[in-house]
Structures are given as C-alpha cells and as structure tokens.
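I have placed the structure first, in the form of structure tokens, so that the comments after it can refer back to it.
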Amino acid sequence: MPAITLPDGSVRTFDAPVSGTTVAAAIGPGLARAALAMKVDGKLVDLSSVIEADARVVFVTRKDEDALEMIRHDCAHVLAEAVQELFPGTQVTIGPSIENGFYYDFARNEPFTTEDFAAIEAKMREIVGRNAAFERSVIDRDEGIAFFEAKGEKYKAELIRDLPGTEVITLYRQGEWIDLCRGPHMRSTGDIGTAFKLMKVAGAYWRGDHRNPMLSRIYGTAWRDQKELDAYLHMLEEAEKRDHRRIGKDMGLFHLQEEATGSVFWHPKGWKLYRTCEDYMRRRIAGDGYLEVKTPQLVDRVLWEKSGHWEKYREHMFLARVDEEDKTLALKPMNCPGAVMIFRQGIRSYRELPLRLAEFGACHRYEPSGALHGIMRVRSFLQDDAHIFCTEDQIAAETVKFVELLSSVYADFGFPEFRVKFADRPPTRAGTDATWDKAESSLKEACVTAGVKYELNPGEGAFYGPKLEFVLRDAIGRDWQCGTLQLDFVLPERLDAEYVAEDGSRRRPVMLHRVIFGSMERFLGILIEQYAGRFPLWLAPVQVAVATIVSDADGYATEVAEALRRAGLSVKLDLSNQKINAKVREHSLQHVPVIAVVGRKEAEQRTVALRRLGGEAQELVPLDEAVARLAREATAPDLARPTLVQGAA
RNA sequence: GCCGACGUAGCUCAGUGGUAGAGCAACUGAUUCGUAAUCAGUAGGUCGUCAGUUCAAUCCUGACCGUCGGCACCA
C-alpha cells in the first residue's frame, strides 16, 4: 500500500506497488505526457520503475536540469546504436553524459573521422524517430559476461568482470540494441528530441590509461530544444573569438614559431602587458614582506639529484653539456632548490622566520608535445614564485596571508571567482607516510583557518607535499591551474636547510612553495581571454591613440602625445594620411581603450575629443584635464587604493 | 607520447599532376576629408621540411617538423 507524497505535499495511496507511469497517469494526462523519469526519495530512476513502499516522488520533465543529463546519456546510447548499425564489428565501451553533451568510446580498427558524422547523425535521427522504449532488465553476472563475449564485446565483458560482486547488473534495450548500463533512462528514444549534434572525434585510452589500447571517441552535444542548441553553438563561436591565440595575433602581442617550440616571442605590446602584470606583482609581494632573489638558470645535475628531481623528473628537464667539462647541467624546471641554497647560506635564526624569498624565475620543462597549447602550456615560462621558510606553527598564518593576497590579486585582474582544489599525496612521492599525514593535516587546518572551501583532487599533490590549486577558467570553459600553495617537509630535509631555534637546537624549517599568477604566460593567456583583448585602461598595452583629422593638427597632436607620455601613459600617435573614420576603426579593432581625436578645433582650443572603446560618445576636454584624468584612471588598482597610512592621516 | 585533422603571400582563404590566385594588410601616388574601411597603382609566395613515384609534384606516397581537437602528462 505505497503512499506517495508529491512535491506539493499531497499524498496518493495505491493498493499495490505501482510504476511511475501509473502514478503519473493517475495524477493527470498532462503529467503522463510530460514525465520522463522520476526521483524516488531523491534517487533518479526510470519512470517505469515500480514503487514498492511509501516514498516521496518528484516527476522529472523536460524543464528540469536532470532531464538534460538524461537526454545526453540517452543520446550516447543512440549514438552507439547508430554506429554499430553503420559500422558492424565496432565494439562499444562506455558513453557517459558530460558537461554540455556526451561522448561514446568505440573500439574499431579504423578510427572515425568527422566525415562519418553526417551518416551517423542521420542514423541517430532515424533511431530517435523509431521511438523505441528503453527497457531495463537485470542479468546475472556470468550470464552478462557470456552474453557480451558471445557478441564479441570484450570491453563490456571486462566492465562486468570488474564490477563489485554486490552490484546489480542491468541491461537497457532500445529496439534491437542492448547495452550494459546502470541507467536510468527516459521512456524511449523519442524523448531525446532532435537538438543534438556530433562535435568532434578524438582518441582516448581505454579506462584512461596510456598503457591500454586507444579507442575512438565521438563527442556530441545535446539540448532540450533547437533554441538551446543554437545558443550553445553560438556561444562556442563567440568563445572562439576570445581565443588568446587569435587575439594575440590580431593585436600583435606575441607569436610562436617552429624553431622555438613551446617558447613565446613577446612583441612590444605583449611585453608591455607582461611587464605591467609583473610590476604589479612586485609591488604586491613587496607589500607582503617578500624579499626578491634571483637564482641560476643552469645548475649541475648534482643538485637535482639531491633534491630528488633527477630521479623523478629527469625526462622533463632540458640538459646542457659543455665539451670542455665533464659535467651535466640542467636548465631549472623549478626554482625551489635555488631558494633553499640561498636559505642555507650562513646560519639562520628562528627570528628570521617566516622568511619569504620571492623569485620571478624562468623555468624550462620538456612538456610532451601533445600538451602544448598556445601560451597556456609552454616549455619556457616565468613563475611568480616564492618560497616561505617557516615553522610548523606559522603554516596556518602564512596560508591565510597568502590566500588573502591571492584573492586580492585575482580580484584586481577581474577574477573575483576562482576554484580551489586540495591535492593530496601522489602514488610516487618522497617522504614518509608520517610526514605526509602531518603535511596534509596542517594544510587542511590552515584552510579551515583561512576560510578556504576546496574540492578534493586525490593523488595529485607534488611529490614533496600536498598542495592547494587555484583554478581559473578560459573562454571555452577549460580549467587551468594558476595559483598554488604547496606544503613541503621533504626538500628542506633533502637539501639540509635548518635554523637555530629559540632553545638553541637546530630545526628543519617547513617550506611553502607558492605562486599566484603561476606562469606569467598562462595567466596572460587567461587574462587575454577574460577581457577578449579589451583590457581595462591600466592593463592596456596601448592606452591612448592620438589621431589627427587634418595634417594641420600634426604639431598639436604630437604635443598631446608627449604630454600623455610624460604622465606615464602608453600612447600611439597616428598622423597617418587617412580619414578619421578609418583611424577610429583601426584603433577600435586594436582595442585601444581611449582614442583622442585632434582636429583644427582642438588645436585652436587646446583640447582633445575623447572617445571610449565600445562607445560612440565624444567628450571635448581641455588637454591638461584630459592628461590628469587619464593618468588617474590608468593607475593600477593597488596603487589607487588608499593605504592605511594615508587613511590614518 | 598516443589517435585524428590540418600546414598555399604578413592575415583570412581559393585552386590545379604541366612550377599559383582573391580580399585585407604593406609600399607608392593622389586625396586634408569631424568619429568603425577615400581612390588608383606597385610589390610580395623555392605552396612546412626532406625523400620517393612520374616526362613533369604545391597536388600522389612516405618520413619528419609544427599547429589544432581530444587522450595521457602537468614536479
């Protein structure tokens, strides 16, 4: 006698166990048509599931977020059926729903290409049109294995073999096609609708392990209706326009070329942006008590052997040999050993701790060719690195201080939101389990103190310690780790760093590795995409374009440009023999934030006509006032903030 | 590194087994025109690199390099 409680609080009682389909029909024909699945006591299940006992039931219709995920999952099944109909002999593996869509991994001798898409999509539409019901059935473990092996589906058989013995093994049938699946699904293939599209093909390792065979993955996107699909596709197009590689080229910020794979050639405008960010960071860390140092680029392998990098990361290091000397040097892949070498000079006292040694350190890492991506992932980059040597007692306070600094920096660059991940001990690591226990718990406590909310990223810590990862998102939704804070009890031990404690004993300091931008290259890539090249005035590589209307104004325009430059602004003087329309267009396309137009009238009145990027309005301003105002507006946000001292005065 | 696609002028792209074109940009000249493209002319490419097939290769084949989309990797 199940009593079913609906979201509005009403209760319906049935004489015997009932399916969701029956319940929906009992409530009304509208719901019967709209219900795709249901949540029974919060658990999403097939509409045809039978409710045995009292339960709270929520019906899922097309409007619900859960429906979207089911559309995508069902769509993956239809994709698999279509592929197997069209390409007999192809084995199916797994096909989940993902953000914005779904994929399915197939095992086939010949990988798919985008040229196959038209036929596959047509077949998918045909299958959706058949509107075959999704039918769930439970199968015995051994039968299931035998069933899939008989069909030549060895991947599916392997999946069942690896399921825990307690797991109920379910199959879903749609028409003649059957897949191993946990479910749930909607009522029938027709519920998917037609707002789907195959997007790309890719290789992917079976079970995500590079030692396994490579499968052919087909990605698709699926939505509730055509309007949503169109909006998504349009969003992707827009996002492509923000791509830092596109903007970097169009604005002349940087380039990459074959002879220096993975290294950036920064052009004047790009380098201006780079330096603006670097200068900003120098001020911020100086304000937080960091001392800047610089350590050698080329270091003997002996040091890397001591630090443990040689053993674990040699294949990622660029080596340098000199014929005259029997030595192997390595370009530093990171700055930490250098920082420890500085710490080790002389005898350190507990009174010096925490000692915050910062370095804008150029690092080189031989990244796998397939990992390279524009300026986001390169082989030569600059870290805004720092190493904080402190006592265990100081970890929490330093973490809090760091998170505050990082949050403030990200906010200044237009990233008020960011994600934090806590990465704990990796499979290959240095240090004892006891050390790791201590390090992980210290960092977690520090997070509590700092009020940092994180998600767990298991097994992704550095080899010497756990880390916090601060993640920013690019234009197309890809996540990139930028900032990080890493707790390290290992390197001080390996490289023998110590200080004299209050009681005269020698102690090991704890080392905190931390970056905020992470890599300048990556951060700038994200920054470019964040603003789509339309930087706020303080960041813009060219801040003002002074453009003349007639050549009679050339002299005055030159004067204007000089005045602005004296005020510290980056100015492009455009005396070219073009119409003002063309000049406005050109500088607008270059995303120059302010165009100062100068004609006869301005020259006579000693004014400028200011036009802001993206606006059409012009503002006639006396030259002196324009210079003062723009200089003030172009002040970096950290310098524009009143300091405590000024506030007190 | 693995799977797939791609590589033609500075940029965006077209094209063909008989050694290449367009638009924009560049350069020259004319134009001095008040807020998103003034007109005309000129110049510019061993078609990613190296082999092979062919009477003949930018086009076909192979290797390599690079780029792109994923996967794996990311100290």
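A few comments on the model shown:
Residues checked against (1) under 20 Å from A:Ala557 (Cα atoms); (2) modelled with pLDDT of 95 or more:
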position	(1), (2)
A:Pro593	yes, yes
A:Ala603	yes, yes
A:Arg611	yes, yes
A:Asp624	yes, yes
A:Ala628	yes, yes
A:Pro637	no, yes
A:Arg641	no, no
A:Gly647	no, no
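- For the stretch A:238-296, residues that are closer than 27 Å to A:Pro637 by Cβ and hydroxyl-bearing (Ser, Thr, Tyr) total 4.
- Boolean, A:Phe402 is in the same structural domain as A:Arg284 (by TED's automatic domain parsing), at pLDDT 90 or above and not small (Gly, Ala, Ser): yes
- Of the residues making up the stretch A:443-462, those that are under 23 Å from A:Gly308 (Cβ atoms), crowded, with 20+ Cβ neighbours inside 10 Å and small (Gly, Ala, Ser) are A:Gly461, A:Ala462.
- Test: residue in the stretch A:629-648 that is within 27 Å of A:Gly414 (Cα to Cα), among the basic types (Lys, Arg) and part of a loop (DSSP other than H, G, I, E, B): yes
- Exactly one residue among A:Glu126, A:Glu167, A:Glu158, A:Glu121 is assigned by TED's automatic domain parsing to the domain that holds A:Leu198 and part of a loop (DSSP other than H, G, I, E, B), and that residue is A:Glu167.
- Filtering the stretch A:360-389 to residues that are within 9 Å of RNA strand B (Cβ to nearest atom), of a type in the set (A, V, I, L, M) and touching a Phe, Trp or Tyr at 6+ places or on another chain (Cβ under 8 Å) leaves A:Ile375, A:Met376.
- Test result for A:Asp412, farther than 21 Å from A:Trp310 by Cβ, at pLDDT 95 or above and within 16 Å of RNA strand B (Cβ to nearest atom): no
- Helices (runs of 4 or more DSSP H) wholly inside the stretch A:176-295 containing at least 1 residues that are touching a residue at least 12 places away in the same chain (Cβ under 8 Å), surrounded by 15 or more Cβ atoms within 10 Å (Cβ to Cβ) and away from RNA strand B (no atom under 12 Å from the Cβ): A:226-241, A:268-287
- Scanning the stretch A:343-352 for any residue that is hydrophobic (A, V, I, L, M, F, W, C), assigned to a helix (DSSP H, G or I), within 16 Å of RNA strand B (Cβ to nearest atom) and touching a Phe, Trp or Tyr at 6+ places or on another chain (Cβ under 9 Å) turns up nothing.
- Hits in the stretch A:133-163 (condition: of a type in the set (D, E, K, R), within 17 Å of A:Thr90 (Cβ to Cβ) and either in contact with a strand residue (DSSP E or B) (Cβ under 9 Å, 6 or more places away or on another chain) or crowded, with 18+ Cβ neighbours inside 10 Å (or both)): A:Lys151, A:Glu153, A:Lys154, A:Lys156
- In this structure, A:Glu440 does not satisfy being within 11 Å of RNA strand B (Cβ to nearest atom) and either closer than 13 Å to A:Gln486 by Cβ or among the hydroxyl-bearing types (Ser, Thr, Tyr) (or both).
- Any hit, the stretch A:24-38, residues being under 37 Å from the mean Cα position of the chain (by Cα), farther than 30 Å from A:Met199 by Cα and not in a strand (DSSP E or B): no
- Residues of the stretch A:300-313 satisfying the condition of being crowded, with 18+ Cβ neighbours inside 10 Å and either out of contact with any strand residue (DSSP E or B) (no Cβ under 6 Å at 6 or more places or on another chain) or outside any helix (DSSP H, G or I) (or both): A:Leu303, A:Ser307, A:Gly308, A:His309
- Residue check, A:Ala434 assigned by TED's automatic domain parsing to the domain that holds A:Arg314, of a type outside the set (Phe, Trp, Tyr), buried (at least 21 other Cβ atoms within 10 Å of the Cβ) and closer than 28 Å to A:Ser505 by Cβ: no
- Taken over the stretch A:561-604, the criterion of being without any contact (Cβ under 8 Å) to a residue 40 or more places away in the chain and among the hydroxyl-bearing types (Ser, Thr, Tyr) is satisfied by A:Ser576, A:Ser588.
- Filter result (surrounded by fewer than 13 Cβ atoms within 10 Å (Cβ to Cβ) and modelled with pLDDT of 90 or more) within the stretch A:100-119: A:Ala118
- Qualifying residue in the stretch A:383-392 (condition: in the same structural domain as A:Arg284 (by TED's automatic domain parsing), surrounded by fewer than 19 Cβ atoms within 10 Å (Cβ to Cβ) and either in contact with a Pro (Cβ under 8 Å, 6 or more places away or on another chain) or modelled with pLDDT of 95 or more (or both)): yes
The values are calculated or read from the model by the stated rules, or taken from the named source; none is laboratory data. As the structure is a prediction and not an experimental result, all values here were calculated from the model. Note that we place each Cβ from the backbone using ideal geometry, even for glycine, and neighbour counts take in every protein chain shown.
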